[in-house]
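The values are calculated or read from the model by the stated rules, or taken from the named source; none is laboratory data. Computed from a predicted model, the values in this text were never measured in an experiment. With ideal geometry, Cβ positions are generated from the backbone for all residues, glycine too; neighbour counts draw on all protein chains shown.
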Amino acid sequence: MIAGRLPSLFVALVVLLGASALAGCGNKKDIVTSADTEGIYVDAGPLQYQVQISRQLNPADEEDKGYFVGVPDPEGGLKAEETWFAVFVKVWNRTEDSHLPTNDFEIEDTVGKRYEPVEVGEDNVFAYRATQIPSGGQLPGIDDVANEGVIGGSMLLFKLTLDSLANRPLVLHITSEGKPSEAEVDLDV
């Protein structure tokens with residue numbers, strides 16, 4: 001008699017374990033406002049932001065020269081203790097409406113020093129420009145030069161001190177209207 005119940009008990013146990021595993025899948029976090037590394041989608045307002053890459057830039061380096069178009073005196077515009085630092089971002093609109101992405105970004109080091117992006121001229125094709133993103137669209141747009149390059153994101157350009165590079169991790173703060181109003185990403189320096 002007991003031998004006949006074993007297969008049905010085994011089946012019941014497997015069904016129970018399977019149901020428990022599926023129930024755990026429902027605990028996925030829908031809204032993400034903090035990322036420990038680049039490449040993670042974070043939500044700020046109705047849009048999703050993703051840091052593609054962040055890195056120091058050198059205006060004397062042939063590979064980096066295009067990023068400095070529209071930046072007044074990039075080679076002489078730094079103090080001895082400063083460096084150029086770029087954060088390349090993508091923004092996705094996964095809503096049913098058109099939305100304007102934020103222009104409110106800051107980098108903060110571990111001692112609380114904050115930096116805002118420097119202004120970059122209109123002729124710079126890599127620079128981040130907050131323009132209306134249609135439903136299902138992205139910034140930079142699919143056909144934009146900033147999207148087609150290896151980095152695949154729009155550039156936010158910062159002047160950082162060398163001390164701040166030593167005070168890591170650096171955190172990119174993204175502030176937007178709507179909920180959630182702020183997101184942050186630890187930058188890989």
Contacts under 9 angstrom Cβ, first residue in the range 160-189 being without any contact (Cβ under 8 Å) to a residue 24 or more places away in the chain, partner surrounded by 14 or more Cβ atoms within 10 Å (Cβ to Cβ) and not small (Gly, Ala, Ser), 6 or more apart:
Ala166/Asp109
Would you point out the residue of the range 50-86, among those that are in contact with a Lys or Arg (Cβ under 9 Å, 6 or more places away or on another chain) and hydrophobic (A, V, I, L, M, F, W, C), that is farthest from Pro140 (Cα to Cα)?
Leu78
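Taking the criterion of being part of a loop (DSSP other than H, G, I, E, B), under 14 Å from the mean Cα position of the chain (by Cα) and over 18 Å from Ser98 (Cβ atoms), would at least one residue in the range 153-164 satisfy it? Let's see the steps before the verdict.
Of the residues in the range 153-164, the ones part of a loop (DSSP other than H, G, I, E, B) are 153.
Applying the additional criterion that residues be under 14 Å from the mean Cα position of the chain (by Cα) yields 153.
From what's left, over 18 Å from Ser98 (Cβ atoms): 153.
The answer is yes, given that some residue of the range 153-164 is part of a loop (DSSP other than H, G, I, E, B), under 14 Å from the mean Cα position of the chain (by Cα) and over 18 Å from Ser98 (Cβ atoms).
Among residues belonging to the range 43-63 that are in contact (Cβ under 8 Å) with a residue 12 or more places away in the chain and over 22 Å from Ala130 (Cβ atoms), point out the one that is surrounded by the fewest Cβ atoms within 10 Å (Cβ to Cβ).
This residue is Ala60.
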Positions within the range 78-93 being without any contact (Cβ under 8 Å) to a residue 60 or more places away in the chain, exposed (fewer than 15 other Cβ atoms within 10 Å of the Cβ) and not hydrophobic (A, V, I, L, M, F, W, C), in sequence order
Lys79
What's the number of the condition Lys179 fails, among (1) modelled with pLDDT under 95; (2) in contact with a strand residue (DSSP E or B) (Cβ under 8 Å, 6 or more places away or on another chain); (3) of a type outside the set (A, V, I, L, M)?
(2)
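Just one of Tyr115, Tyr128 is under 17 Å from Leu47 (Cβ atoms), modelled with pLDDT of 95 or more and aromatic (Phe, Trp, Tyr); which is it? Outline the logic, then answer.
Values: Tyr115 fails: under 17 Å from Leu47 (Cβ atoms).
Criteria check complete, one pass: Tyr128.
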Count of the range 147-182 residues which are farther than 17 Å from Tyr115 by Cβ and in contact with a Phe, Trp or Tyr (Cβ under 8 Å, 6 or more places away or on another chain)
5
Residues being surrounded by 14 or more Cβ atoms within 10 Å (Cβ to Cβ), under 27 Å from Glu82 (Cβ atoms) and among the β-branched types (Val, Ile, Thr) - total across the range 95-146
5
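Restricting attention to strands (runs of 3 or more DSSP E) lying wholly within the range 20-139, give those where 1 or more residues are among the hydroxyl-bearing types (Ser, Thr, Tyr), within 14 Å of Leu157 (Cβ to Cβ) and within 12 Å of the chain's Cα centre (by Cα). Outline the logic, then answer.
Numbers: elements: 41-44, 47-57, 82-92, 104-108.
Qualifying strands (runs of 3 or more DSSP E): 47-57.
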Determine, yes or no, whether Val171 is under 22 Å from Val42 (Cβ atoms) and either in contact with a helix residue (DSSP H, G or I) (Cβ under 7 Å, 6 or more places away or on another chain) or outside any loop (DSSP other than H, G, I, E, B) (or both).
yes
